[in-house]
Each structure stands twice: as C-alpha cells, then as structure tokens.
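This report refers to the structure that appears directly beneath it.
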Amino acid sequence: MLDARGVCSFADYFVICSGESERQIKAVYDEVAHALKKEGILPHHREGTLDSGWLLLDFGDIIVHIFAPSEREYYQLGELWSEAIPVVRIQ
C-alpha cells in the first residue's frame, strides 16, 4: 500500500497486489469488495477483466489494483509511483 497524498491529486492511497491465478485474483477482488460493503463503503468505479490480468476497485481516496504477475511486472505501478510513501509491503 502506497501513501500517494503527496504525489497524486486523484487518490490518497494505492493498494497494489497480485494473484497467482484468475481464481485467486477474483477471490481477492470479491473479498475486498465484500469486506468494504459490510462497512457501507461501495466502489465508485470498477475496471478490468479477469482475462486481462488486472482488476481495479476505485473507492475514491483508495484505489485497489489486483494484477496477475505478468501484468504487475509489465505496468510497474510501484516504480511509476516511486515517490509515494510505502505504508505496508508484504512479499
């Protein structure tokens, strides 16, 4: 998770994660959406498809990116937003 408040005008935080399979990517996507819905928080926008290797949930101040490994490597969002402050990093 990156704190992007100092370098981004459209979001405060980016959550960038990966799944090893379409099934795992979908499970992460569903669980994030379900857990936040239970708290009354709904996404403003959803984007991507499983077969594209990238799904996005936009909650306004927080944007969640869920990638297949090859797409995560290709897009390098961590590098793109390298000036953002890492808040949590799990390998």
Exercise for the section: Pairs only if they're at least six apart or on different chains, beta carbon under 9 angstrom, first in region 61-88 and at pLDDT below 95, second exposed (fewer than 14 other Cβ atoms within 10 Å of the Cβ) and assigned to a strand (DSSP E or B); list them, first residue then second. Expected result: G78/P86
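Name the single residue that is nearest to V7 (Cα to Cα) among those in region 76-91 being assigned to a helix (DSSP H, G or I) and not charged (D, E, K, R). Give the steps one after another, and end with the answer.
Our first condition is that a residue be assigned to a helix (DSSP H, G or I); within region 76-91, this holds for 77-80.
Narrowing the set further to residues that are not charged (D, E, K, R) leaves 77-78, 80.
Details: L77: 13, G78: 13, L80: 11 Å.
It comes out as L80.
Condition check ((1) of a type outside the set (A, V, I, L, M, F, W, C); (2) touching a helix residue (DSSP H, G or I) at 6+ places or on another chain (Cβ under 8 Å); (3) surrounded by 13 or more Cβ atoms within 10 Å (Cβ to Cβ)) across all residues:
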{"position": "M1", "(1), (2), (3)": "no, no, yes"}
{"position": "F14", "(1), (2), (3)": "no, yes, yes"}
{"position": "C17", "(1), (2), (3)": "no, yes, yes"}
{"position": "I25", "(1), (2), (3)": "no, yes, yes"}
{"position": "V32", "(1), (2), (3)": "no, no, yes"}
{"position": "L42", "(1), (2), (3)": "no, yes, no"}
{"position": "F59", "(1), (2), (3)": "no, yes, yes"}
Exercise for the section: For region 38-55, state whether one or more residues are acidic (D, E) and either on the phi > 0 side of the Ramachandran plot or more than 15 Å from the chain's Cα centre (by Cα) (or both). Expected result: yes
Exercise for the section: Among the residues of region 61-91, count how many are aromatic (F, W, Y), surrounded by 14 or more Cβ atoms within 10 Å (Cβ to Cβ) and within 20 Å of E20 (Cα to Cα). Expected result: 2
Fill in the blank from the handout: E71 vs (1) of a type outside the set (F, W, Y); (2) assigned to a helix (DSSP H, G or I); (3) over 19 Å from L2 (Cβ atoms); (4) touching a strand residue (DSSP E or B) at 6+ places or on another chain (Cβ under 9 Å): all pass except (3)
Problem - Filter pass, D12 being farther than 20 Å from S70 by Cα, touching a Lys or Arg at 6+ places or on another chain (Cβ under 6 Å) and acidic (D, E) - result: yes
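Select from region 24-66 the residues that are part of a strand (DSSP E or B) and either closer than 20 Å to D3 by Cβ or among the β-branched types (V, I, T) (or both) and list them in ascending order. Don't jump to the end; show me each part of the working.
Residues of region 24-66 that are part of a strand (DSSP E or B), as a first pass: 45-49, 54-58, 62-66.
Residues satisfying the conditions are T49, L56, L57, D58, I62, I63, V64, H65, I66.
The values are calculated or read from the model by the stated rules, or taken from the named source; none is laboratory data. Bear in mind that the values here come from a model prediction, so they are computed numbers and not experimental data. Positions of Cβ are backbone-derived with ideal geometry, glycine not excepted, and every protein chain shown enters the neighbour counts.
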